[in-house]
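The values are calculated or read from the model by the stated rules, or taken from the named source; none is laboratory data. It should be emphasised that the depicted structure is a prediction, and the values quoted were computed from it without experimental measurement. Cβ: placed from backbone, ideal geometry, glycine included. Neighbour counts: every protein chain shown.
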Ligand SMILES: Nc1ncnc2c1ncn2[C@@H]1O[C@H](COP(=O)(O)OP(=O)(O)O)[C@@H](O)[C@H]1O
Ligand SMILES: [Mg+2]
């Protein structure tokens with residue numbers, strides 16, 4: 001499977017065909033439909049002064065090709081698609097997706113949270129009972145005729161919708177593997193009609209670097225990488241950044257790394273402070289100014305099926321996610 005993903009990233013795809021014979025199909029980058037976006041970002045660029053190189057300090061918005069349209073309220077939609085990715089589990093991806101979504105919604109934006117993890121934590125965390133989910137993102141990815149709109153549900157939170165997942169998504173990933181254009185499946189669905197309905201579409205990725213995460217990176221124009229402020233925090237991030245670079249080169253030139261997001265920060269510990277410093281100083285990465293601290297409330301909110309901005313709007317944690325939302329919005333001005 002990994003070899004096949006490498007082949008996809010090489011710009012080629014193995015189509016096994018009816019007889020199971022593998023042939024190679026080209027997917028040149030120029031065939032990739034441009035994705036709207038991006039962004040001037042108020043992010044710190046660690047290592048910038050050290051290296052003197054201006055690479056990626058900010059994401060400029062010079063070519064802000066918006067796929068805009070009229071939403072239900074007649075407003076123009078920017079339709080910014082952001083993947084939240086890190087192949088390490090438990091770093092705060094789902095938490096970031098739900099709560100950034102809640103914060104953006106609280107600021108008046110129309111938001112879709114899309115669950116691309118078979119564990120379906122995002123779906124459950126937004127208050128959806130999995131027993132009530134029939135068609136879900138797995139069906140949408142596999143069935144060319146099933147529209148993403150048909151599975152989207154409102155949540156208890158104003159301005160916040162969800163595209164649910166179920167455990168079926170893991171078998172869908174396997175099935176998708178033999179499909180032509182498999183790495184484009186999500187992007188194709190998003191390009192149909194959804195992007196025009198929302199200001200932000202946030203994709204919660206699974207804790208793997210497989211085909212689902214690849215689909216998210218191909219569909220997105222920005223990626224946020226939550227990183228725990230603990231030892232080995234950056235372990236694995238290099239592999240993700242390498243894949244992102246290849247995706248940018250081969251499949252999605254519009255994809256920008258919006259930044260690393262420090263999570264589980266505990267300012268009372270020397271370790272936490274050291275890790276945050278080293279994230280900012282040592283890494284050759286953009287790091288958000290906003291830091292997500294360890295917080296009991298953050299862990300509690302999903303049990304109520306709402307983001308922290310609804311569960312405990314006056315908490316420091318809620319304020320942090322609003323700050324993060326403002327950084328993300330700033331990235332798109
Ligand atoms: N800042 C935080 N403070 C306290 N608990 C957190 C925080 N961020 C996440 N959690 C909890 O840690 C667990 C893992 O977080 P999650 O967002 O599911 O990670 P991932 O999606 O990367 O696997 C969840 O139970 C979540 O509620
Ligand atoms: Mg998760």
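For segment 129-156, the set of residues classified as under 20 Å from the mean Cα position of the chain (by Cα) and within 22 Å of residue 301 (Cβ to Cβ) consists of 152, 153, 154, 155, listed by residue number. The helices (runs of 4 or more DSSP H) found wholly in segment 249-333 and carrying at least 3 residues that are touching a strand residue (DSSP E or B) at 6+ places or on another chain (Cβ under 8 Å) occupy 270-281, 316-330.
Restricting 216, 185, 179, 172 to those that are over 28 Å from residue 313 (Cβ atoms) and within 16 Å of ligand 2 (Cβ to nearest atom) reduces the list to 216. Residue 299 meets the conditions (1) touching a residue at least 12 places away in the same chain (Cβ under 8 Å); (2) within 16 Å of ligand 1 (Cβ to nearest atom) in every case but one. The failed one is (1).
Looking only at residues that are touching a strand residue (DSSP E or B) at 6+ places or on another chain (Cβ under 7 Å), near ligand 2 (Cβ under 10 Å from one of its atoms) and in a helix (DSSP H, G or I) in segment 85-101, which one is nearest to residue 242 (Cα to Cα)?
First pass over segment 85-101, keeping only residues touching a strand residue (DSSP E or B) at 6+ places or on another chain (Cβ under 7 Å): 85-86, 91-94, 96-98, 100-101.
Subsequent filtering for residues that are near ligand 2 (Cβ under 10 Å from one of its atoms) retains 86, 91-94, 96-98.
Narrowing the set further to residues that are in a helix (DSSP H, G or I) leaves 93-94, 96-98.
Values: 93: 19, 94: 22, 96: 22, 97: 22, 98: 26 Å.
Checking each candidate, the answer is 93.
When the criteria are applied in full, residue 271 fails the requirement of being crowded, with 20+ Cβ neighbours inside 10 Å, within 27 Å of residue 239 (Cα to Cα) and in contact (Cβ under 8 Å) with a residue 40 or more places away in the chain. The condition (being in the same structural domain as residue 230 (by TED's automatic domain parsing), in contact with a helix residue (DSSP H, G or I) (Cβ under 7 Å, 6 or more places away or on another chain) and under 23 Å from residue 90 (Cα atoms)) is satisfied by just one residue among 279, 261: 261.
Conditions tested, residue by residue: (1) in contact with a helix residue (DSSP H, G or I) (Cβ under 9 Å, 6 or more places away or on another chain); (2) surrounded by fewer than 24 Cβ atoms within 10 Å (Cβ to Cβ); (3) over 22 Å from residue 211 (Cβ atoms).
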residue: 89; (1), (2), (3): no, yes, no
residue: 95; (1), (2), (3): yes, no, yes
residue: 100; (1), (2), (3): yes, no, yes
residue: 108; (1), (2), (3): no, yes, yes
residue: 111; (1), (2), (3): yes, no, yes
residue: 115; (1), (2), (3): yes, no, no
residue: 121; (1), (2), (3): yes, yes, no
residue: 137; (1), (2), (3): yes, no, no
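Does at least one position in segment 169-191 carry a residue that is at pLDDT 90 or above and closer than 23 Å to residue 91 by Cα? Checked against the condition, which is being at pLDDT 90 or above and closer than 23 Å to residue 91 by Cα, segment 169-191 yields at least one hit.
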